[in-house]
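**Student:** Provided herewith is a single structure, encoded as C-alpha cells, for subsequent inquiry.
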Amino acid sequence: MNNEPIGVVGVPVCGVCGGEGDQLHADVPDRLFRTPGTWSLRRCRVCRAVWLDPRPTDEDLGRTYCDYYTHGPESSEEATKDDRHGALHAAELGEARRRFGLAGEELEGTPAMRRLVAGWAGRRADSDYLAAHLPVQPNAQLLDVGCGDGRLLEHLRRLGWHVQGVEPDASAADAARRRGLQVTTGTLESAAFGPEEFAAVTMSHVIEHLADPRRTLREIRRVLRPGGSLVVITPNADSVLHSVFGRDWFPLDPPRHLLLHSSSSLDRLLREQGFVGRVRDSWRAANVTVAASLAFRRGRPYSMSVAPPRPTRVLAELGQQALAMSARALRGRGDELVAVTTRVDV
C-alpha cells in the first residue's frame, strides 16, 4: 500500500432505504491493512444500516485490498481435485445442521449452538456452517460470489456440489484456481453467466463490501433458478459487541466495509430484489470479533492469518460461549446475520 491519499466520494443517504443518517463513528483508522486516512460512519435513522461516508471512489477502492488476507499463503492442506461428483449426502448435511443447532427452525439458543466454540483456524467450520444452510441437492450447480482464495468453495465441492466462483481480486482468484476450482476473475456482472444457471448462490462476508448491492442482487436473481437458494452471511450492525466496542468493533473494517446491515435493512433489501426467507443472527464467529476488537482497543496489531496469544484466545472463546448461551435474551444482537432465502416471482 502506498501512502498516496485515497480518493473519496460522499454518501449522504442510506443505500438501502434512502433515509438520513446520524454520525456514529468518526476518524476511524484502517487498523488491519493501514490504508491512508481515517474514516467516518453513519447509522440510518430508518432501517439502522451503517455506512461509510465518505467512501473510497470506485477507481481507488482496489488499493484498499493490496495487502488483504486472501493474498497470504494457501492452506497447508494439499489442494486436490475431488472427483466424487456423487450425491450431497443428507447424512453429511444432517450432521452439520445438528452441530450448528439447525435441525429445527431455531438457529440460536439450542444445546448444539451453546456447545459451539469454532476452532481458531475455522475454515472447515466456516464451510460446514455455510453448507448447513443449503438444501440437499445432489450434483447441483452452486456459485460463490466473492469466493476469495477458494477455501470455502473447495469444501463445498467435497460435499458434492458442482461449484463455480467469481472473485474481483486477481491474486485471490489465482489462488483459488490453483486449488483446481473454476473461478472467474471480475465482478458477478462482468462474468456474464447464463440465465437460471445455478441452483444455489452463496455470499459469505461479501455484501458489506459492495458499493451497489442492488445491482449484484439483481444479477444473482438472473442467474439463479426459480426456487433456488441464496444464502448471505454478513456482520450485524446491531450486534451487542458493536455496542460494547464502539469504534473498535472489528467488523467495521473501514474502508473495505462500505455498508453494514441490520436484520431489518438486509431483509428489506433482499425482499425488494425478489428473495424471501428469514434473516437470523449468530454468534458463530464472535471469538474472532472479541479477540480483534480487544487488540484494537488496546492499540495493538491484529492479523487475520496469525492466531492471537493463547490467553486472548481463551478469553475470546469463553466470551463466545457466554454470548451463545444468552442468545435468546440477545435475540437480534448476534455478531453475524445469516439470510437463508429463496428466489420468488415478484
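**Student:** Cα extents of the stretch 227-287 along the three principal axes, largest first, in whole Å?
**Tutor:** Sorted largest first, the three principal extents are 39, 23, 16 Å.
**Student:** While we're here: Gain in length, residue 158 to residue 326, computed as 0.36 nm per residue apart minus the alpha-carbon separation, to one decimal in nm?
**Tutor:** Numbers: separation 168, 0.36 × 168 = 60.48 nm, distance 3.40 nm.
That pair, residue 158 and residue 326, stretches by 57.1 nm at full extension.
**Student:** What translational D, rounded to a whole number of µm²/s, comes out for the stretch 1-58 from Stokes-Einstein when the hydrodynamic radius is the Kirkwood one over Cα pairs, at 4 °C and 1.567 mPa s? List each step's numbers first, then the result.
**Tutor:** Working: Rh = 12.1 Å.
So the translational diffusion coefficient is about 107 µm²/s.
**Student:** Another question about this same structure. What is the P(r) of the stretch 265-346, as percent of Cα-Cα pairs per 10 Å bin from 0?
**Tutor:** Cα pair-distance distribution for the stretch 265-346, in percent: 17, 35, 26, 17, 5, 0.
**Student:** Right, another one. Once the dipole of the stretch 184-274 is set up with Lys and Arg at +1 and Asp and Glu at -1 on Cβ about the Cα centre, which of 226, 187, 270 lies farthest towards its positive end?
**Tutor:** Going by the Cα projections, it comes out as 226.
**Student:** Oh, and also: Which values, in whole Å and largest first, are the semi-axes of the equivalent ellipsoid of the stretch 148-262 obtained as the square root of 5 times each eigenvalue of the Cα gyration tensor? Please list the in-between numbers first.
**Tutor:** Numbers: eigenvalues 139, 58, 40 Å².
After diagonalising the Cα gyration tensor, the semi-axes are 26, 17, 14 Å.
**Student:** Sticking with this one: If r is the Cβ-Cβ distance from residue 20 to residue 272 and R0 is 22 Å, what FRET efficiency results, to the nearest 0.05?
**Tutor:** With R0 = 22 Å, the Cβ-Cβ based efficiency is 0.70.
**Student:** Could you tell me the distance between the Cα centroids of the stretch 199-251 and the stretch 271-346, to the nearest Å?
**Tutor:** Rounded to whole Å, the Cα centres lie 13 Å apart.
**Student:** Please work out how much length the chain gains when fully extended from residue 222 to residue 137, using 0.36 nm per residue of separation minus the C-alpha to C-alpha distance, in nm with one decimal.
**Tutor:** Fully extending the segment from residue 222 to residue 137 adds 28.6 nm.
**Student:** How large is the direction-averaged shadow of the alpha-carbon convex hull of the stretch 127-182, in nm²?
**Tutor:** Over all viewing directions, the stretch 127-182 projects a mean Cα-hull area of 3.4 nm².
**Student:** May I ask you to list the residues of the stretch 184-211 whose amide nitrogen lies under 15 Å from a point 7 Å from Cα along the Cα→beta-carbon direction of residue 342?
**Tutor:** 199-201
None of the figures in this text is laboratory data; all of them are computed from the coordinates on show. Here the structure is a predicted model, which means the values were calculated and not measured. Positions of Cβ are backbone-derived with ideal geometry, glycine not excepted, and every protein chain shown enters the neighbour counts.
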